[in-house]
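*Asks:* Sharing a structure below in structure tokens format, with a few things to ask.
Derivation of every value follows stated rules applied to the coordinates shown; laboratory data play no part. Keep in mind the model is a prediction, meaning the values are calculated, not measured. A quick note on method: Cβ atoms are made from the backbone with ideal geometry, for glycine too, and the neighbour counts reach across all protein chains shown.
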Amino acid sequence: MSSKQQPDNSISAAATRFLASLRARNASKNTIAGYGRDLGLFVSHFSSGQEPAPPVGRVTRLMIREFMAEGRSKGLSPATLARRLAALRGFFDYLVLEEGFPNNPARSLAAPKISQKLPPVMSAEDTNQMVNSVQFDSERDRFPDKVVRDRLIFELLYGAGLRVSELVGLNLDDIDRAERWIEVRGKGRKERQVPYGARADEALERYLKVREGLKAARTEKALFLHRWGGKLRRLTTRSVGLVVKKYARLLSGDPSLHPHSLRHAFATHLLSEGADLRAIQELLGHASLSTTQKYTQLSMNELMKVYDAAHPKA
């Protein structure tokens, strides 16, 4: 009578099973890719020459500390180190819960402290001026249709606060033009509805005419398309990043602006105008209110500047 076959106990094989479990739970592609890279580096750290990494059951807290110390010695940022530790914690949590491991050797290690550096946010006036300036310029632009597309990109990043991954993932049937609602698939494939305004609707109407002229196949549902290699394809997050940087450089001279800057501005300006924090949390699709609360800090900073400059007792 043969005994039940045990799973491969190498770190690599266990990591493969862990990543498969993340996919089954609809974790984001970025999370899966990041954790995969970190676990691959963990295996490489303990593999020397022909010697393979030890079995996963022999990994100790001290070994994990050694791996983290190596990253610190290479000058990795606290955020990168914290992500590495999060990957290892998640990996060993999986082994404890799903494969009967006795404990998680990464759980008791302290995560590196990450400085709460708040990114600068453009004023509402400057942001609106930038978005409104994304229009065809005969001396600057060769392709008017692309500018029509780019204007809608800006209107939705700022006017609806979408993540860039959510923007490029939009399909034609995700948009309810009668009610001005967008069905958005966010992190972990969680869906939410987000409203959009009159200016975004005007930009959408102009872009839909451009898209119709592309003569895409009826089966192509992507809202944003571009021609690459002679074929129409869904616009990528990288392409959107390049679009935002292009106009930021041309219109404001600030090449550091990126798609998330516009989402950040969306939330900050809503809060500054008195919007409820929980309503902003719903619009942004944040799982935790604490993630949304960082925008409160930004608005309070602005209020303190106004107070210091204007109040006689400041």
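*Asks:* What is the dipole size for the chain, taken about its Cα centre, with +1 at each Lys and Arg Cβ and -1 at each Asp and Glu Cβ, in debye to the nearest 20?
*Replies:* That gives a dipole near 900 debye.
*Asks:* Hull surface divided by four, with the convex hull built on the Cα atoms of the range 11-99: how many nm²?
*Replies:* The directionally averaged projection comes out at 5.9 nm².
*Asks:* Report the semi-axes of the equivalent ellipsoid for the range 75-223 in whole Å, largest first, where each axis is √(5λ) for an eigenvalue λ of the Cα gyration tensor.
*Replies:* Its equivalent ellipsoid spans semi-axes of 41, 22, 14 Å.
*Asks:* For Tyr35, Tyr247, what ranking results if the residue with the fewest other Cβ atoms within 10 Å of its Cβ goes first?
*Replies:* Listed from fewest to most nearby Cβ atoms, that is Tyr247, Tyr35.
*Asks:* Calculate how steeply helix 11-24 sits against the longest principal axis of the alpha-carbon atoms of the chain, using the helix alpha-carbon long axis, and give the answer as 0 to 90 degrees to the nearest 10.
*Replies:* 40
*Asks:* Based solely on C-alpha atoms, express the radius of gyration and the Dmax of the range 124-308 in angstrom.
*Replies:* Cα-based Rg and Dmax for the range 124-308 come out at 16.9, 59 Å.
*Asks:* Here is a further query. If each residue's Cβ is checked for other Cβ atoms within 10 Å, how do Trp181, Trp228 rank with the fewest at the top?
*Replies:* Arranged by neighbour count, lowest to highest, Trp181, Trp228 become Trp228, Trp181.
*Asks:* Of Gln293, Pro54, Leu170, which is farthest towards the positive pole of the chain's charge dipole, taken about the Cα centre with +1 and -1 on the beta-carbons of Lys, Arg and Asp, Glu respectively?
*Replies:* The residue sitting farthest along the positive end of the dipole is Pro54.
*Asks:* Say we join alpha carbon atoms closer than 10 Å with springs in a Gaussian network model of the chain; which of Leu250, Leu283, Leu156 then has the biggest fluctuation?
*Replies:* Highest fluctuation among the options: Leu250.
*Asks:* Report, to the nearest 10°, how far helix 237-251 tilts away from the longest principal axis of the Cα atoms in the chain, using its own Cα long axis and a range of 0 to 90°.
*Replies:* Relative to the chain, helix 237-251 is tipped by roughly 40 degrees.
*Asks:* I would also like to ask the following. Determine how many Å³ per residue the convex hull of the Cα atoms of the range 167-239 encloses.
*Replies:* It comes to 109 Å³ per residue, whole-number rounded.
*Asks:* Oh, and also: Using a Förster distance of 45 Å, how high is the FRET efficiency between Leu250 and Asp176, based on the Cβ-Cβ distance and rounded to 0.05?
*Replies:* My answer for the efficiency is 0.85.
*Asks:* Something else now. Taking DSSP loops as anything outside H, G, I, E and B, show the longest stretch in the chain free of trypsin sites (Lys or Arg not before Pro) there with at most 14 other beta carbons within 10 Å.
*Replies:* Looking at the chain, 222-312 is the longest stretch - no exposed trypsin sites (Lys or Arg not before Pro) with at most 14 other Cβ atoms within 10 Å.
*Asks:* Here is a follow-up. Taking amide H atoms as placed 1.01 Å from N in the peptide plane, list the residues 5 or more away in sequence, or in a different chain, whose amide H sits under 5 Å from that of Leu235.
*Replies:* Phe224, Leu225, His226
*Asks:* Tell me, what ³J(HN,Hα) does each residue in the range 210-227 have, in order and in whole Hz, if you take phi through Karplus 6.51 cos²θ - 1.76 cosθ + 1.60 with θ = phi - 60° and put x for Gly and Pro?
*Replies:* Once rounded to whole Hz, the list reads 5, 4, 4, x, 6, 6, 6, 4, 4, 7, 7, 9, 4, 5, 9, 10, 8, 8.
*Asks:* By how many degrees, 0 to 90 and rounded to 10, does the Cα axis of helix 78-99 deviate from the longest principal axis of the chain?
*Replies:* Between the helix axis and the principal axis of the chain, the angle is about 60 degrees.
*Asks:* Mind computing the radius of gyration and Dmax over the alpha-carbon atoms of the range 121-166? Å is fine for both.
*Replies:* 11.6, 32
*Asks:* If you don't mind, there's one more thing I want to ask. What stretch of the chain, leaving out the sites themselves, is the longest with no GluC sites (Glu not before Pro) in a DSSP loop having at most 16 other Cβ atoms within 10 Å?
*Replies:* Maximal segment without exposed cleavage sites: 1-138.
*Asks:* Among residues other than Ala287 whose Cβ falls under 10 Å from its Cβ, what is the net charge (Lys/Arg +1, Asp/Glu -1)?
*Replies:* Value of the local net charge: +2.
*Asks:* Which of these values of mean projected area of the Cα convex hull in nm² was calculated from the structure shown: (1) 34.5; (2) 19.9; (3) 24.8?
*Replies:* (3)
*Asks:* Something else about it: From the Cα gyration tensor of the range 210-268, with a ≥ b ≥ c the square roots of its eigenvalues, which class applies: rounded if a/c is under 1.5, or else prolate if a/b is larger than b/c, or else oblate?
*Replies:* Prolate, since a/c reaches 1.5 and a/b exceeds b/c.
*Asks:* Would you mind ranking Asp145, Asp150 so that the residue whose beta carbon has the fewest other beta carbons within 10 Å leads the list?
*Replies:* Least to most surrounded, the residues fall as Asp145, Asp150.
*Asks:* Can you find, among Leu283, Leu225, Met63, the residue sitting farthest towards the positive end of the charge dipole of the chain, where Lys and Arg contribute +1 and Asp and Glu -1 at Cβ?
*Replies:* Met63
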